[in-house]
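Please read the structure below before turning to the comments.
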Amino acid sequence: QVQLVESGGGLVQAGGSLRLSCAASGSIGSINTMGWYRQPPGKQRELVANIARNGSPNVLDSVKGRFTISRDNAKNTVSLQMNSLRPEDTAVYYCNAEIRPRFTSLFDTYWGQGTQITVSS
């Protein structure tokens, strides 16, 4: 019953900004790392940014200074603020989290449904 639901995708012009949010819900015991991956058309999926439970972030070099990841442990959410967007940022963006369901002892990897980000030139 654990799931990740994304919101905030869409179309934006180069230089613009978007904010993605992802909420984990269901029978959650605890959440370790949360983050965002993306898959541009015709390319492999890559990690964009993730963030540990204590707030320590890890960000892809090509988006450093433009994207900021944050999380709210009380709300089980993670967000990605994307500024100065470029056409090469166009991709399907997927939320990802390592979650231990309640009443279990092992962490599993969960994925959001994916949301399209299109940056026009």
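The values are calculated or read from the model by the stated rules, or taken from the named source; none is laboratory data. Keep in mind that what you see is a predicted model, and the values were worked out from it rather than measured. Cβ atoms come from the backbone with ideal geometry, glycine included; neighbour counts cover every protein chain shown. Calculation scope for accessible area: heavy atoms of the full protein, side chains included, ligands and nucleic acids excluded. Shrake-Rupley method; radii C 1.70, N 1.55, O 1.52, S 1.80 Å.
Structural remarks
- Accessible surface of segment 37-103, 1.4 Å probe, proportion on carbon and sulfur as whole %: 44
- Max mean-square fluctuation residue, GNM over the chain, Cα-Cα springs under 10 Å, options Ser105, Ser70, Ser79: Ser105
- Sites matching trypsin sites (Lys or Arg not before Pro) across segment 4-49 that sit in DSSP coil, with at most 16 neighbouring C-beta atoms within 10 Å: Lys43, Arg45
- Cα→Cβ-extended label distance, 7 Å offset, between Ser30 and Asn58, nm: 1.8
- Listed residues Thr68, Thr77, Thr104, most fluctuating in the chain (Gaussian network, C-alpha, under 10 Å): Thr104
- Potential extension, Arg19-Arg102 segment - 0.36 nm per residue separation minus Cα distance: 26.9 nm
- Solvent exposure of the chain as accessible area per residue, Å², 1.4 Å probe: 53
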